[in-house]
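Written below as structure tokens is the structure these notes are about.
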Amino acid sequence: MAQLTAAPLSALVDEPVHIRATGLTPSQLVCLRASLSDEKGNLFYSQAYYKASDTGEVDLEMDPSLGGDFVGVHPMGLFWSLKPETPLKRLMKRDVMNSPFQIQLKLCDPDVPITNRDSSTLTASLTLERWYVAPGVTRIEVKEGRLRGALFLPPGDNHFPGVIDLFGSGGGLIEFRAGLLASRGFATLALAYWGYDDLPRQLREVDIEYFEEAVNFLLRHPKVLGPGVGILSICKGAEIGLSMAINLKQISATVLINGPNFVISNPHVYRGEVSQPTPYSIELISSNALGFVAFHRVYEQTGDVDSQYFFPIEKAQGHFLFIVGEEDKNINSKCYAQQAIEQLRRNGKENWTLLSYPGAGHLIEPPYSPLCYASRIPYVHPNILWGGDVIPHAAAQEHSWKEIQKFLREHLISTRTSQL
């Protein structure tokens with residue numbers, strides 16, 4: 001009798017799962033399927049075909065997928081190849097504290113998918129729980145002065161390195177990465193800066209003093225290690241993260257995922273000084289055959305080539321980790337990281353690390369997250385093309401997540417230890 005096993009059945013989303021099918025006939029062709037519904041009822045699904053061994057087993061850690069959503073030996077392929085049934089939906093956990101994503105795994109006989117109904121025979125199934133917070137992690141709503149967000153604290157009475165987590169142009173409060181980072185030992189503030197609670201409904205300007213307040217709030221917390229904090233940021237958040245690192249001496253370590261090295265769209269204001277947005281060329285916006293819009297060329301005549309627009313990154317006192325998806329179709333992030341690094345070099349600085357991933361797109365997220373190739377975001381009319389190829393993007397996410405934690409520990413914990 002065929003059996004399907006997976007271990008562990010309940011785990012954090014960045015932990016791998018060992019999936020096996022046993023009790024098959026030798027060389028039997030089977031289909032493994034995964035599916036989940038998000039909190040809004042949107043369905044995501046994947047499948048792959050395998051041939052059983054001479055002993056009637058399929059082990060995803062050793063056996064290659066012969067077809068389906070990926071080919072080759074990829075133990076977690078059924079997770080990172082999940083795709084939305086309704087196009088342009090992005091898989092994103094909202095309530096990270098009270099419920100996991102539940103992934104249904106099914107072992108089926110292969111069936112040609114040419115009808116509206118599934119006529120394949122189900123032989124075994126199970127349900128996996130994928131959590132964004134570990135047991136003991138606490139969430140504290142932040143509503144202090146102007147600040148709006150959520151602070152995630154690891155369990156225990158220790159002092160923990162502090163990190164501010166910033167997302168991009170979609171606005172709102174996004175907590176899944178902060179919860180996961182807290183599960184790995186970081187006191188993490190998921191910080192909203194527009195489109196949430198009583199914050200501005202649209203982003204008109206970036207007030208760096210707001211983010212300075214967040215830094216000071218984090219450092220005042222009795223469980224935060226200090227004397228500096230880290231930043232984990234992507235897209236528009238990385239633009240702000242870089243500006244913070246330059247202006248705020250408390251920033252010891254900054255992770256910049258696919259961000260620019262100049263001001264985009266909204267002026268930055270700090271203590272009376274205003275940095276204006278970089279001009280762009282609207283005629284360089286492009287779209288593909290599906291109507292997905294790419295913006296990565298719009299600064300070719302300004303920010304890509306003219307240093308007058310660049311942030312003065314050499315003024316930053318902390319360290320940088322640049323993470324680049326070389327197939328980013330939203331911004332020319334590889335060019336911008338290289339420009340920033342060259343600027344540091346010219347000023348005699350070696351406070352940077354670059355991780356550049358061929359085939360990875362814009363939305364580099366924690367391990368085993370599905371590639372979001374294109375999606376809709378609030379207040380932007382066209383469907384945004386983020387880019388990326390599924391397999392190399394998945395590899396980039398798995399590798400970069402480990403490197404992010406290593407980098408933050410090195411510059412937030414080691415620095416503190418060396419000062420004692």
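For the range 71-155, the Stokes-Einstein estimate of translational diffusion at 20 °C and a viscosity of 1.002 mPa s comes to 126 µm²/s, using the Kirkwood hydrodynamic radius over alpha-carbon pairs.
With the contact rule set at Cα under 8 Å and sequence spacing of 6 or more, what percent relative contact order holds for the chain? Numbers along the way, then the final one.
Details: 1003 pairs, mean separation 51.6, N = 420.
That works out to 12 percent.
A cut-off of 5 Å between modelled amide H atoms, ignoring neighbours fewer than 5 places along the same chain, links Asn383 with Val293.
What would the Debye formula give as log10 I(q)/I(0) at q = 0.15, 0.19, 0.20 Å⁻¹ for the alpha-carbon point model of the range 245-363, no solvent? Taken in order of the listed q values, log10 I(q)/I(0) reads -0.71, -1.10, -1.19. Farthest towards the positive end of the charge dipole of the chain, among the residues Pro279, Leu32, Ala2, is the Cα of Pro279, using unit charges on the Cβ of Lys, Arg, Asp and Glu. For the range 181-302, the percent of C-alpha pairs falling in each 5 Å distance bin, counted from 0 to the bin holding the largest distance, reads 2, 9, 17, 20, 19, 14, 9, 6, 3, 1, 0. Charge dipole of the range 57-115 (Cα centre as origin; +1 on each Lys and Arg Cβ, -1 on each Asp and Glu Cβ, all else neutral): 580 debye, rounded to the nearest 20. Note that the chain shows a convex hull volume over its alpha carbon atoms of 152 Å³ per residue.
Mean sequence separation of contacting Cα pairs (under 8 Å, at least six apart), scaled by the length of the range 144-201, corresponds to a relative contact order of 45 percent.
For the range 337-377 and the range 121-158, write down the distance between their C-alpha centroids in whole Å. Each part reduced to its Cα centre gives a spacing of 26 Å.
Using the Cβ-Cβ distance between Gln104 and Glu314 with R0 set to 51 Å, the FRET efficiency works out to roughly 0.50. Taking Lys402, Lys236, Lys83 in turn, the Gaussian network model of the chain (Cα-Cα springs below 10 Å) assigns the largest fluctuation to Lys402.
Would you mind counting up the charge near Leu248? Only other residues with Cβ under 12 Å from its Cβ, with Lys and Arg at +1 and Asp and Glu at -1.
Details: positive: Lys249, Arg271, Lys315; negative: Glu209, Glu212, Glu213.
Surrounding charge for Leu248 is 0.
Using Cβ point charges alone (K and R +1, D and E -1), the dipole size of the chain about the Cα centre works out to roughly 660 debye. Among Val206, Val269, Val112, which one moves the most in a GNM of the chain with springs linking Cα atoms closer than 10 Å? For the chain, modelled as a Gaussian network with Cα springs under 10 Å, the answer is Val112.
Tell me which of Thr138, Phe320, Leu219 sits at the most positive position along the dipole axis of the chain, charges placed on C-beta atoms (Lys, Arg +1; Asp, Glu -1). Comparing the listed Cα positions along the dipole, Leu219 ranks first.
Report, in deg cm²/dmol and to the nearest 500, the calculated mean residue ellipticity at 222 nm for the chain, where each DSSP H run with n ≥ 4 adds -39500 (n - 2.57) and the sum is divided by the residue count. Mind showing how you got there, number by number?
Numbers: 7 runs with 80 residues, N = 420.
That calculation yields -6000 deg cm²/dmol at 222 nm.
Run down the lysines and flag those whose C-alpha is under 18 Å from the C-alpha of Lys315, throwing out any fewer than 8 positions away in its chain. The reachable lysines, counting only those whose Cα sits under 18 Å from Lys315, are Lys249, Lys349. Can you grab the distance from the C-alpha centre of the range 77-96 to the C-alpha centre of the range 190-242, Å, no decimals? Cα centroid of the range 77-96 versus Cα centroid of the range 190-242: 27 Å apart.
Take every DSSP beta bridge whose two residues both sit in the chain; close to 60 percent of them are antiparallel.
Laboratory data are not the source of any read-out in this text; all were calculated from the coordinates shown. Everything numeric in this text was worked out from a predicted model, so none of it was measured. As a convention, Cβ positions derive from the backbone with ideal geometry for all residues, glycine included, and neighbour counts pool all protein chains shown.
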